[in-house]
Amino acid sequence: MALAFSTALPLRLATPGTRLARAAAARRFRSVAPPPPAGGSKVKGGKLKGQSPPPAVSKTEAELKAARLEKVADMRGEAVEPFAYAFDARDTTAAMHATYDDALGPGEEDPDGRPLSLAGRVLLRRVFGKLAFFTLADESGTVQLYLEKKTIDEGMGDGSFARLKKWTDVGDIMGVTGVAKKSDKGELSVKVATWTMLTKALLPLPDKFHGLSDVEKRYRARHVDLIVTPGVRDIFRKRSLMTAAVRRYLDERGFLEMETPSLNAEPGGAEARPFETYHNALERHLTLRIATELHLKRLVVGGFERVYELGRVYRNEGISTRHNPEFTSIEVYQAYADYSTAMSLTEELVATAATAVCGTTSVVYQGEALELGAPFRRVPMHTLVSDALGMDTRAADATVESVKAAAVAAGVGAGQLDGLRTVGEVVNVAFEELVEATLRQPTFVTDYPVEVSPLAKPHRSEAGLVERFELFVVGRELANAFSELTDPVEQRARFEAQAAKRAAGDKEACGVDEDFLGALETGLPPTAGLGIGVDRLAMLLTDAPSIRDVIAFPVLRD
């Protein structure tokens, strides 16, 4: 494995260590060269007439695994456990660099001789007779291990260096003790006194130069991707910082984090096709939740005035760079507030997340400069669509037919408008097809048609609209919020309209949730509700082109 990448370099560009490794490889290849064919004769230089030089040995994964299992057996035969129970790693590579990078010069060793103890995975292994150089990686970074036969045999007993050479491979997890030193070329190293095999890796890592170039393989073997692909661990570290910052912001303002059921009798809180399952003991058909909304609002009914949940939701829909069937959202509900309050809260949450991850609200996503600091642009949906269609969709003489005709003339496919029976439905499709992708800087699109917003409160001054907004950045929806509908009679009528759509074949329409209606009839105070797509926010703040880059184990096709 250690030679897989070095033989690809021209000899004149190889380092002295690489040339030594090549020479050792050449000796091994000669030692296993096949015998000459019957009647064959040698020519000058030792080559065989009619026979090309032996090819480089390339072992299969099964052969490599078998060889490593032999090493496991060999270690146990010498009473050495290849899968250790613990190791006292008191130091990290990052702390070591912080302490010694500027304190030592080339060739110098720590004058105080402070003992170091580190653990990590071997990413690179080079062995030259009585000297070896490994690259050790822990969560914080990497450092070189300087392994000298004299020092190791003195510290661990005769034969310890030989066992190191015989038993170790790239991918193994090792613990070492020693002192800090710099090589003659100035590379910070641990001069190793003792080494311990902590976990013997049975499978090899991808070679250094090619790594995991197949994106699908990266997602399927995320554990390997995290080890060998630069920057991947940093994405998930930043995601963790982001969610911690959002939680902290809400906690400090009196919001309580709640947990609601993942198994629902009636899917609700969004228009989406659910995953269906069956509970054997209860003999009930259930679905995985498509949103956390309805249960959180029932908690507000019960007297909790500020609640949120950051958790997984599931939608049985397509897969794309922006969609994964299993994703994370955060939903926030605040009593005695409306969607204007939710806009301010959204601005503050996005800015808080950006500052936690990037140190600033000015970020660059896929080469595009964005400003995530408040205030965000605010514009009604009908205004945006009217501009795109060249007609006032709120005019008294605007009809379904006239708005459809204008939408088709502007580039919306006629088939996408089939079956739409209201101006609001046509406006919503026209927005998605013509406007959404143009919203690059953070933009609150406000005041949606009532037909596509079954859980939002009617607009207080605009008939046919609701008090709802969605936040768009780089042409993607990032957040969705309402002044929540609190009238149980109106809510029942909207649920029944949704149920009729579902009965007609719309698999994304919701049904009538009697439990939620019962809660509304008990009395829901005026409430603002907000939902933010955590994965899409992570994409934005880590400059990730696909949602699968920010989900550790995304759903993939077979």
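The values are calculated or read from the model by the stated rules, or taken from the named source; none is laboratory data. Everything numeric here is computed off the predicted structure, so don't read it as measured data. Every residue, glycine among them, receives a Cβ derived from its backbone with ideal geometry; neighbour counts consider all protein chains shown. Surface accessibility is based on the protein's heavy atoms, side chains included, excluding ligands, DNA and RNA. Shrake-Rupley method; radii C 1.70, N 1.55, O 1.52, S 1.80 Å.
Other residues with beta-carbon under 10 Å from the beta-carbon of Leu131 carry, at +1 per Lys or Arg and -1 per Asp or Glu, a net charge of +3.
Just check region 405-533 against the gyration tensor rule for me: Cα atoms, a ≥ b ≥ c as the square roots of the eigenvalues, rounded for a/c under 1.5, and otherwise prolate or oblate depending on whether a/b exceeds b/c. Here region 405-533 falls in the oblate category. Per-residue ellipticity at 222 nm, computed for the chain from helices alone with -39500 (n - 2.57) per DSSP H run of at least four residues, works out to -10000 deg cm²/dmol.
Please compute the contact order of the chain in relative form: average sequence separation of alpha-carbon pairs under 8 Å and at least six residues apart, divided by the residue count, as a percent.
About 12 percent, as a whole number.
Highest average first, the peptides 297-303, 168-174 ordered by how many other beta carbon atoms sit within 10 Å of their residues are 168-174, 297-303. Under the combined filter of DSSP loop state and at most 12 neighbouring Cβ atoms within 10 Å, region 139-190 retains these trypsin sites (Lys or Arg not before Pro): Lys185. Which of the three applies to region 379-451, rounded, prolate or oblate, going by the alpha-carbon gyration tensor with a ≥ b ≥ c and a/c under 1.5 meaning rounded? Taking the square roots of the gyration eigenvalues as a ≥ b ≥ c, region 379-451 is prolate. Among 409-419, 545-555, the peptide with the highest mean count of other Cβ atoms within 10 Å heads the list, and the full ranking is 545-555, 409-419.
Measuring nothing but how far apart in sequence close Cα pairs (under 8 Å, 6+ apart) lie, relative to its length, region 219-359 scores a relative contact order of 23 percent. With contacts taken as Cα pairs under 8 Å and at least 6 residues apart, region 419-558 reaches a relative contact order of 17 percent.
Here the peptides 352-365, 460-473, 330-343, 279-292 are ranked by packing, the mean other Cβ count within 10 Å, and the order with the highest first is 330-343, 460-473, 352-365, 279-292.
Probing with 1.4 Å while keeping every protein chain in the model, the per residue accessible area of region 304-404 equals 44 Å². Taken along the Cα-to-beta-carbon direction at a fixed 7 Å, the label points for Val400 and Ser160 span 8.4 nm. About its Cα centre, region 284-409 has a charge dipole of approximately 480 debye under the convention of +1 per Lys or Arg Cβ and -1 per Asp or Glu Cβ, with nothing else charged.
Taking the charge dipole of region 189-309 about its Cα centre, with +1 at Lys and Arg Cβ atoms and -1 at Asp and Glu Cβ atoms, the residue from Asn264, Ala291, Ala201 reaching farthest to the positive side is Ala201. As a calculated quantity, the FRET efficiency between Thr60 and Asp214 at R0 = 25 Å, using C-beta atoms, amounts to about 0.85. The residue among Pro526, Asn316, Tyr333 whose Cα reaches farthest toward the positive pole of the charge dipole of the chain, with charges on the beta-carbon of Lys, Arg, Asp and Glu, is Asn316.
Students often get this wrong: which residues of region 104-123 have the backbone nitrogen under 18 Å from the point 7 angstrom along Cα-to-C-beta of Ala86? So the set is 117-120.
Centre-to-centre, using Cα atoms only, region 248-264 and region 403-451 are separated by 34 Å.
Modelled spin labels at Leu123 and Asp515, positioned 7 Å past Cα toward Cβ, are 4.8 nm from each other.
Charged side chains reduced to their Cβ positions (Lys and Arg at +1, Asp and Glu at -1) give region 196-255 a dipole of some 140 debye around its Cα centre. Potential lengthening of the chain between Asp184 and Ala493 amounts to 103.3 nm, from the contour at 0.36 nm per residue minus the alpha-carbon distance. Note on Lys130 and Asp387: the extension gain reaches 84.9 nm, defined as 0.36 nm multiplied by sequence separation minus the Cα-Cα distance. Note on surface exposure: Arg557, Arg239, Arg247 rank Arg557, Arg247, Arg239 by accessible area, highest first, 1.4 Å probe. Residue pairs exceeding 22 angstrom between C-alpha atoms, taken from Lys59/Lys165; Lys191/Lys238; Lys149/Lys181; Lys238/Lys297; Lys59/Lys149; Lys182/Lys238: Lys191/Lys238; Lys238/Lys297; Lys59/Lys149; Lys182/Lys238.
Label region 282-397 by shape, choosing from rounded, prolate and oblate, from the square roots a ≥ b ≥ c of the eigenvalues of the Cα gyration tensor; if a/c is under 1.5 it is rounded, and otherwise prolate applies when a/b is larger than b/c, oblate when it is not. Rounded, because the longest to shortest axis ratio a/c is under 1.5.
Remark: the chain carries a charge dipole of roughly 4320 debye about the Cα centre, counting +1 on each Lys and Arg Cβ and -1 on each Asp and Glu Cβ.
Note on Arg233 and Ala94: their simple-model spin labels are 1.0 nm apart, each label 7 Å out from Cα toward Cβ. Expressed as a whole percent, the accessible surface of the chain that belongs to carbon and sulfur atoms is 53, based on a 1.4 Å probe.
What region 98-168 shows is 48 Å² of accessible area per residue, with the surface traced by a 1.4 Å probe over protein heavy atoms.
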